[in-house]
Every structure is written in C-alpha cells, then in structure tokens.
1. Quick one: what pairs do we get from the stretch 246-269, first residue more than 22 Å from Pro236 (Cβ to Cβ), second in a helix (DSSP H, G or I) and of a type outside the set (Phe, Trp, Tyr), C-beta under 7 Å, 6+ apart or different chains?
2. Can you list residue pairs whose Cβ atoms sit under 6 Å apart, with the first residue in the stretch 345-367 being over 21 Å from Val118 (Cα atoms) and the second being among the basic types (Lys, Arg) and crowded, with 20+ Cβ neighbours inside 10 Å? Count only pairs 6 or more apart in sequence or on different chains.
3. Criterion first (outside the structural domain of Ala238 (by TED's automatic domain parsing), among the aliphatic types (A, V, I, L, M) and crowded, with 17+ Cβ neighbours inside 10 Å) does Ala87 satisfy it?
4. Is it the case that some residue within the stretch 18-27 is under 21 Å from Ala368 (Cα atoms), among the acidic types (Asp, Glu) and either in contact with a helix residue (DSSP H, G or I) (Cβ under 6 Å, 6 or more places away or on another chain) or at pLDDT 90 or above (or both)?
5. For residues that are of a type in the set (A, V, I, L, M, F, W, C) and assigned to a helix (DSSP H, G or I), scanning just the stretch 205-216, find the one that is modelled with the lowest pLDDT.
6. Would you be able to tell me the number of residues in the stretch 233-245 that are within 26 Å of Glu331 (Cα to Cα) and touching a residue at least 40 places away in the same chain (Cβ under 8 Å)?
7. Just give me the residues in the stretch 322-337 being assigned to a helix (DSSP H, G or I) and out of contact with any strand residue (DSSP E or B) (no Cβ under 7 Å at 6 or more places or on another chain), in sequence order.
8. Considering only the stretch 95-199, give the helices (runs of 4 or more DSSP H) lying wholly within it that have at least 3 residues that are of a type in the set (Phe, Trp, Tyr).
Amino acid sequence: MGNGGDRLSIALVGTRGVPARYGGFETCVEEVGWRLADRGHDVVVYCRTLDDSGDRADTFRGMRLVHRGAMRKRSLETLSHTGLSVAHLLRHRTDAAIVFNAANSPYLPLIRAARIPVATHVDGLEWRRAKWGRGGRSYYRFAESWAVRWSDALIADAQGIADYYRDEFAADTQLIAYGAPRVDQESDLLAELDLQPGGYHLVVARFEAENHVDVIVDGYRRSRATKPLIVVGSAPYADDYTRRVHGFADDRVTFLGGVWDQRLLDQLYAGAYTYLHGHSVGGTNPSLLRALGAGTATIAYDVSFNREVVRGSGTFFSDAAGVARAVEAAEAAPDVVAERGRLAHERAADYDWDAVADAYERMCERLALRELSRPKRPVFAQRTGRPARANAAAAANAGEVTAP
C-alpha cells in the first residue's frame, strides 16, 4: 500500500458518484474505488444528489460516501456539485485527490492551495459535443488548459486523448484505460422482453449527437435486417434529439429507455447478435468494453478511440449507409460473427480492472509522497495544429507522469 505500506486517504471528486449508473467516470470510480478500499485505503467518493428523497448510504463497497447537491441546469450541474464537494474536501483533507473531468479544473487551485496533491482525469474531447454552444465550447477549451496548468498529474483513458494533450499543450499524461467487465453468459431475463440469445442487434448509449444513435437507427431502418434492433438509453436534456431518433425507427426497432438492472443489462449485451457503438468523442468507453467482455461482435463508429479498443474483433461505419451494409453483412455471415465474438472476448482480457487499480494506487502513492510536481506551462492551448515535440520532451524531463 501507499507510503511503503501506509494507508492512504484518497478523494474521488467530480462525478455522479456510486453506485455507477451513468457513464465512464462513475464506472471507473466504482471499480477502482472499491479495489483501493479493499486494499486498506480510505477512499472517499463525492456523490451528486439532486433531490431529498430516499436514504443516502454512508458507505458502498468499502468506500465512504459524501453526498452533495447540484444546480438543476445542464451547464451548471457538474460545476456546482464539484464546488460543494471541494468545499467539503478543503475541510477534510486527504493524502491525494483525483478530480474527474477537465471541466472541474477551476477548482484545482483551491485544492492545491490546501496542499492536497491532485491528479485530473481529463476525459474525452468534450468541447466537440454538439450540445454545447460557442460559450460552452470555449469554456471547455479553457478548462483543458487550466487542468494542464494546475494538476500535479494528468490521466488519459485512451491513446488518442494522450496524443491530443501532448500535441495541444505539450503535456504528458498517465495512460490508464478502463477495465472490461467479465459478463456472464446468462439469458433467463431476456424472455421477459420476448428476446432470444443471438436474436437481436443492440445499442446502449445516451441520446447525444456524438453517440450517433440517430445514424444507427436510420441505417438499420434502411437495411434488410430481420433481427430486431434493441435500443437502450435516453437523455434528460435532449428532447429534440430523442424525437429525431424515434422518428427514424420502424416496427423492427424497440426502445427500452434506461435499463438500471445491471444483470438484465449484462444479459442484453451477452445475448446480442451484434452490438452497435456510435460514440465518437469520449475516449475509451465502458459500454464498448462491456460488449467485448460479453464476447459480442461489434459494429463501431470509425474513430481512433474505437479502433484502439476493438481492433480486429469488429467492423466500422461512418454513416447510415455503412450501418445498413454492416448489419446486412453480419446477418449473412453467422460464422464470421461468431469468430469476431471470440476475438472480442480475447481482446477484453487486455483491459483488466485490477491492473487499472494498480495504476491508480501507484499514482496516489506518488502524489502523497509529492514525487509529482505541477507543470510549468502557459494557460492557453497552442492552437497551431502541429505537435510541440520539443516542449513535450522538456516537460517529460521535468519529472511529470508519462504515458506507458
């Protein structure tokens, strides 16, 4: 354990908290957090609460939970919750803190002023999301540079994200991808939905433009596929986009909304003939990793993040016509789909949550020992579009964390 065997106190800040019911950050917090707690560390997870209903647990899987509210507005929900969380953290200092989401970087100077060593998990290219207007995109660009300036270390979950921070900011990162869960091959709950293993295609995604659920549904509608398409997901702030997605559907498409029963969700992944993945800006995605862990052949949107994860176990699309071709080809070649599923299961073994927890533990040990120092870099991105290799080398020589 940390400090040559000493117990560390570690704060995980900036997410919706645990149990994980939303996205990649929450999945990472739960999977890493309980493992660190199981190793004897005092892990504090800040959880977002939007109402006063229900009991609030004090602990979960060995982690201590601190509940704080948030403003009910998309542009302020994350920042307001993190602000309340940081206010608590400043009064209850820990040996190390991990802040998730570069959007929370304005609070980093306060954390550092309290002499709490801090690393920032920078997420994907959030400023590329269509849901943000010009002001939102400008803010995220600024927040990225602020994270570079004020973090003791940066964490990227995909090589493409690490490359972006090196090229834009001459900033080295610790490359720590997510883990892939081991999904049991059970199917007893599928009958309740009138589904059979191998009898449907699956989409699991929040309804956001960058996840291309509309493209997938539109492409499927254009295809001659006979297996139905099951769509899991919704979005609290995207009514127009949701209507667009539903408008493309025909009677072969079934929308389940959000599925919070993890056992049912796992059975949906494991029983799917193919899993269609449209995410394009978020780095390594837990939904894609879950499909790999289930041994399900994947049809993914063609971006570097997805190619990095899927490799030879999947095929790719870039538009609705590509979805139609891929779905039809899959239904015409079950032997090929079965082989791709086998390769997916093999690929999942490369994403191990125990190894991920090891990497976080080592980082927290180095933070607590103050072996990592704040980068000395300008606040704003270079915006030249060209890699700053010389500056990156200089940064590495300053003793910062580097990607493996």
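1. Between residues of the stretch 246-269 that are more than 22 Å from Pro236 (Cβ to Cβ) and residues that are in a helix (DSSP H, G or I) and of a type outside the set (Phe, Trp, Tyr), the close pairs are Asp250/Arg221; Gln267/Leu190; Tyr269/Arg290; Tyr269/Ala291.
2. Note: no pairs meet the criteria.
3. Numbers: outside the structural domain of Ala238 (by TED's automatic domain parsing): yes; among the aliphatic types (A, V, I, L, M): yes; crowded, with 17+ Cβ neighbours inside 10 Å: no.
It is false that Ala87 is outside the structural domain of Ala238 (by TED's automatic domain parsing), among the aliphatic types (A, V, I, L, M) and crowded, with 17+ Cβ neighbours inside 10 Å.
4. Applying the first criterion (under 21 Å from Ala368 (Cα atoms)) to the stretch 18-27 yields none.
No, every residue in the stretch 18-27 fails to be under 21 Å from Ala368 (Cα atoms), among the acidic types (Asp, Glu) and either in contact with a helix residue (DSSP H, G or I) (Cβ under 6 Å, 6 or more places away or on another chain) or at pLDDT 90 or above (or both).
5. Narrowing the stretch 205-216 to residues of a type in the set (A, V, I, L, M, F, W, C): 205, 207, 209, 213, 215-216.
Narrowing further to those that are assigned to a helix (DSSP H, G or I): 209, 213, 215-216.
On the way: Ala209: 90, Val213: 97, Val215: 98, Ile216: 98.
So, considering only residues that are of a type in the set (A, V, I, L, M, F, W, C) and assigned to a helix (DSSP H, G or I), the one modelled with the lowest pLDDT is Ala209.
6. So the first thing to find is which residues in the stretch 233-245 are within 26 Å of Glu331 (Cα to Cα), and the list is 233, 245.
Within this subset, residues satisfying the condition of being touching a residue at least 40 places away in the same chain (Cβ under 8 Å) are none.
Of the residues in the stretch 233-245, 0 are within 26 Å of Glu331 (Cα to Cα) and touching a residue at least 40 places away in the same chain (Cβ under 8 Å).
7. So in the stretch 322-337, the residues assigned to a helix (DSSP H, G or I) come out as 322-332, 334-337.
Answer for the stretch 322-337, where residues must be assigned to a helix (DSSP H, G or I) and out of contact with any strand residue (DSSP E or B) (no Cβ under 7 Å at 6 or more places or on another chain): Gly322, Ala324, Arg325, Glu328, Ala329, Glu331, Ala332, Pro334, Asp335, Val336.
8. On the way: elements: 108-113, 134-150, 159-169.
Passing ranges, in order: 134-150, 159-169.
The values are calculated or read from the model by the stated rules, or taken from the named source; none is laboratory data. Given the structure is predicted, the values throughout are model-derived calculations rather than measurements. Virtual Cβ from ideal backbone geometry, glycine too; neighbours counted across all protein chains shown.
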